[in-house]
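Notes to accompany the following structure.
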Amino acid sequence: MNAGWEHFPHGADVGVRGFGPTKAEAFEQAALALTAVVADPAAVTPREEVTIRCAAPDDELLLAEWLNGLIYEMATRKMLFGRFAVRLDGPNLHGQAWGEPVDAARHQPAVEIKGATYTALRVAREGGGWVAQTVVDV
Amino acid sequence: MDINLLKRRSEHEWEIPAHGAMRVPAVIYASEPLVRDMDHKVYEQAVNVATLPGIVGASYAMPDAHWGYGFPIGGVAAFDPDAGGVVSAGGVGFDISCGVRCLHTGLTRADVLPVQKALADVLYQRIPAGVGSTGAIRLGAEEMDAMLTGGARWAVERGWGAPADLERIEERGQMKHAKPDSVSPQAKKRQRDEMGTLGSGNHYLEVQEVTAVYDAAIAAAFGLAADDIVVMIHCGSRGLGHQIGTDYLRRMAVAAASYGITLPDRELACAPIESDVGREYLGAMRAAINCALANRQILTHLVRDVFAGILPRARLPLLYDVSHNTCKVEEHRADGGTRKLYVHRKGATRAFGPGHPDIPEPLRAVGQPVLIGGSMGTGSYVLAGTKASEALAFSSACHGAGRAMSRHQALRTWKGRQVIDELAGRGILIRSPSGRGVAEEAPGAYKDVAAVVDAADAAGLARKVARLEPLVCIKG
């Protein structure tokens, strides 16, 4: 399975889905899908690095923690991220995100993300790789 | 939704009889076309809510119900603490106390049209809106806690508004029993520079005109007449509320099993009202309600300042301020007696009927104003709470139109510039930092708010009073 991301429809909000050969790559791709809810990830220059560490009792809550960690950094630093690296170690996630401060004129940010929900939350092996998805509230 | 799954109680009332793990039935208030149009997820979610411990009466869905998280958006459920009732972070949502405030102006359409463009430009300049925007106010730790305890009352004491404003806000502008200590440092940090900001997405600030009056007597009591200009503000508790939702959703999802609660959907994460997590959430959620009330109060101050510069004779007292994502303790009639219940309204507006003591005295005889936001191109409505709503859905009504189309599909269908130009052609001036944001919020992406309001009126949840249409819309 090649790594990639997509959005899936939800009544009022947006579903984010990442997939890849490994669970960690699926988490990285889900983060790209998260950025894409706000702006084009390719338009974000990865010039500042932010570290995110989190832990959770299972893979699905860990995905929600990872995305919520990113949402928190986006909100408090007023940044967008365009590149991600994730290392998983049992219940622990060590993540890095690279990005830059929001530039309203250049990024045309559509909407701020309030939080990652547990709706349609799923982390599973699929088609020889991994899929990681949930719905985010905007 | 397949209507064959429902029992039709009356023209606008549909029942999902209790089955399986449901403790009570689910009841949907809507016209047949609206019910047919609802996602099947509304059915599933209304059923899931009905399985939660201590639920009283029924799990209700308003005419604008759509697929939410755990609870449907447009969901109402009341829980009895004496029957093991729960409080649910998912049942309130991330944007705690998101709501709508309506201000009179004392102006008419003819007063505003000559300065419509200036009003749009200056409001856009002065109201922080959109992703990454910040307000001018910075709160230190002590002042943050004072705001979280004081709500709009705190804002008025700091000079952002007048004491008379407080009479026209639910809870008189201050939600009691808020506990700033139950709010995480992360939530407070997220709010550090977001006081007095509008946010983004479906949040807006509009200058609107009254284009139709349906109930002249109630409209007169509300101070509304055809051609009047009002200002409508739709926003919530900003980053603080979002983070509290995130923090407690996780805590409740992890803790639920320890309370013996089986969750059909993790998003229904909840805790007994009489538990440590439940009490802490209630304290934090009430602090977020105060944050939303303070935020709308500061925005009100900014709006008044703008009007004073452009239309100095305008006076902008509040018509009313409602919140539509909350859990509140209220007394209701249930099972033959009066009980103190924890009423969750997620995308639903409280709609107390005539005579209710919580309605400000000048409006008490006609019922609580119910403010319904539409999309930027269609319109908004003012309704009034009814006596009947108490027995129908613990005095609740709808809150808005609801989306008909995903953001993704809207973005493929419209360009921001095209939407702005088309609305300008109809006399509606849009100001927004994001063309993409405008496209995702295009009027065509929303359901027909008129159908929702008509259904709420016909079901008896609230009475239709007036229709409002925008002249200026500031979009985040």
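Any read-out appearing in this document is the output of simple, stated calculations on the displayed coordinates, not a laboratory observation. Small disclaimer: the values here were computed from a predicted structure and weren't measured. Here the Cβ positions follow ideal geometry from the backbone for every residue, glycine too, while neighbour counts run over all protein chains shown.
Fraction of C-alpha pairs exceeding 24 angstrom in region B:93-228: 44 percent, rounded to a whole number.
Its relative contact order, with pairs defined as Cα atoms under 8 Å and 6+ residues apart, puts chain A at 31 percent.
Its relative contact order, with pairs defined as Cα atoms under 8 Å and 6+ residues apart, puts chain B at 22 percent.
Per residue of B:190-196, other chain Cβ atoms within 10 Å of the residue Cβ number 2 on average. With respect to chain B, whose longest principal axis is taken over its alpha-carbon atoms, helix B:276-310 is tilted by about 10°. Panel order for A:102, B:86, by other beta carbons found within 10 Å of each beta carbon, from fewest to most: A:102, B:86.
Under 5 Å from the amide H of residue B:58 lie the amide H atoms of B:78, each residue being 5 or more positions distant or on a separate chain, with H modelled from the backbone and absent for Pro and chain starts.
Convex hull volume per residue, computed on the Cα atoms of chain A, equals 92 Å³. Here region B:305-411 carries DSSP beta bridges of which approximately 95% are antiparallel, counting only pairs with both residues inside.
Annotation for region A:71-138 versus region B:253-310: alpha-carbon center distance of 23 Å. Straight-line cross-link partners of residue B:189 among the aspartates and glutamates, defined as a Cα under 15 Å from its Cα and at least 8 positions apart when in the same chain: A:73, B:142, B:143, B:145, B:181, B:247. Note on chain B: dipole from Cβ charges, positive end direction compared against B:108, B:393, B:1; the farthest Cα belongs to B:108.
Across the options B:320, B:381, B:281, the greatest Cα extent toward the positive end of the charge dipole of region B:269-406 (unit charges at beta carbon of Lys, Arg, Asp, Glu) belongs to B:381.
Counting other Cβ atoms within 10 Å as a rough exposure proxy, the listed residues A:53, B:168 run A:53, B:168 from fewest neighbours to most. Here the Karplus curve 6.51 cos²θ - 1.76 cosθ + 1.60, taken at θ = phi - 60°, turns the phi angles of region B:175-184 into couplings of 6, 6, 6, 6, 10, x, 5, 8, 9, 5 Hz, with x standing for Gly and Pro. Taking the centroid of alpha carbons for each part, region B:326-397 and region B:101-164 are 25 Å apart. For region B:280-372, the set of chymotrypsin sites (Phe, Trp or Tyr not before Pro) satisfying both a DSSP loop assignment and a count of at most 10 other C-beta atoms within 10 Å is empty. Placing +1 on each Lys and Arg Cβ and -1 on each Asp and Glu Cβ, with no other charges, gives chain B a dipole about its Cα centre of roughly 780 debye.
About its Cα centre, the dipole of the protein assembly as shown is roughly 660 debye, where the only charges are +1 on Lys and Arg Cβ and -1 on Asp and Glu Cβ. Set the Cα radius of gyration of region B:223-262 against 2.2 N^0.38 Å, with N its number of residues, and you get 2.23.
The residue among B:271, B:214, B:347 whose Cα reaches farthest toward the positive pole of the charge dipole of the protein assembly as shown, with charges on the beta-carbon of Lys, Arg, Asp and Glu, is B:214. Normalised by residue number, the volume inside the convex hull of the Cα atoms of the protein assembly as shown is 138 Å³ per residue. Sorted on the mean count of surrounding Cβ atoms within 10 Å across their residues, most packed first, peptides B:258-269, B:386-397, B:414-425 read B:386-397, B:258-269, B:414-425. Using a cutoff of 8 angstrom between alpha carbon atoms and counting only pairs six or more residues apart, the relative contact order for region B:281-363 works out to 19 percent. For chain B, the average shadow cast by the Cα convex hull is 20.1 nm², which is a quarter of the hull's surface. Region B:424-471 and region B:63-92 have Cα centres spaced 25 Å apart.
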